[in-house]
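Worksheet: the structure to be examined is printed underneath.
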Amino acid sequence: MSYQAKLEKLIEDKDGLILTKEAVAAGVPRQYLNIFVRKNRLERVAHGVYLTPDTFDDEMYRLQAKNQRTIFSHETALYLHDLTDRDPIEWSVTVPYGYNATHLRAEGVKVYTVKKALHQVGVMELKTIYGRPIKAYNKERTICDIIRNRNKMDIAILNEAIRRYLDTKDKNIPLLLRYAEKLDVQNVVRKYLEILL
């Protein structure tokens with residue numbers, strides 16, 4: 001199979017959004033991406049990210065593909081889990097302490113930091129509206145995160161999210177309390193549960 005055919009198949013498999021590292025991993029030399037750009041079969045939308053002209057730019061997938069240590073959290077995770085009706089004005093992500101997120105902040109991304117030991121707690125795979133996989137925190141971790149940052153949040157969003165979570169059939173209160181203990185917000189979480197349950 002020629003490099004061109006390999007790249008075409010990869011573009012098809014990836015639904016029109018491809019990363020340089022994916023092409024290289026498939027054995028396609030980087031210059032073939034440039035050839036496809038010159039022929040208007042791909043357009044470069046960001047460093048290392050290419051789209052076919054008829055594909056929608058999946059911003060969430062692209063952000064995480066370029067910054068693999070980011071995990072969608074806080075307001076964005078509320079939105080992904082349908083715990084709020086408000087579309088995020090900016091994406092919210094969590095990274096481990098020590099991660100240089102200056103470029104993310106410059107792009108308008110809201111960045112939270114957490115100890116490395118807590119970074120992967122509650123991570124799950126969700127899908128963007130275009131069906132591509134992304135990593136976000138589960139509902140229980142998200143509730144703990146917003147309670148932890150309650151002083152920087154709109155109180156109406158916070159209360160609505162907690163109420164919606166408690167109304168879901170798949171809520172897991174024991175897991176919520178375990179995360180609350182790890183994130184050192186167990187007393188506040190218990191108060192919310194006492195009031196709202």
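Within straight-line reach of Lys171, meaning a Cα separation under 27 Å, sit the following lysines at least 8 residues removed in sequence or on another chain: Lys110, Lys115, Lys116, Lys127, Lys135, Lys139, Lys152, Lys182, Lys191. Does the range 130-189 come out rounded, prolate or oblate by the C-alpha gyration tensor, with a ≥ b ≥ c the root eigenvalues, rounded set by a/c under 1.5 and, if not, prolate when a/b is larger than b/c and oblate if not? Rounded shape, in that the Cα axes give a/c under 1.5. Share of carbon and sulfur in the accessible area of the range 84-197 stands at 50%, probe radius 1.4 Å. Restricting attention to the range 1-121, close to 60% of DSSP beta bridges with both partner residues there are antiparallel. Under the simplified labelling scheme, the Met1-Val24 pair shows an inter-label distance of 2.0 nm, with each label point 7 Å from Cα along Cα→Cβ. Taking every protein chain into account, the accessible area of the chain amounts to 55 square angstrom per residue (probe 1.4 Å). Quick check: Cα centre of the range 93-116 to Cα centre of the range 118-197, how many Å? Centre-to-centre (Cα) distance: 19 Å.
The values are calculated or read from the model by the stated rules, or taken from the named source; none is laboratory data. Keep in mind that what you see is a predicted model, and the values were worked out from it rather than measured. Every residue, glycine among them, receives a Cβ derived from its backbone with ideal geometry; neighbour counts consider all protein chains shown. For accessibility, only protein heavy atoms count, side chains too; no ligands or nucleic acids. Shrake-Rupley method; radii C 1.70, N 1.55, O 1.52, S 1.80 Å.
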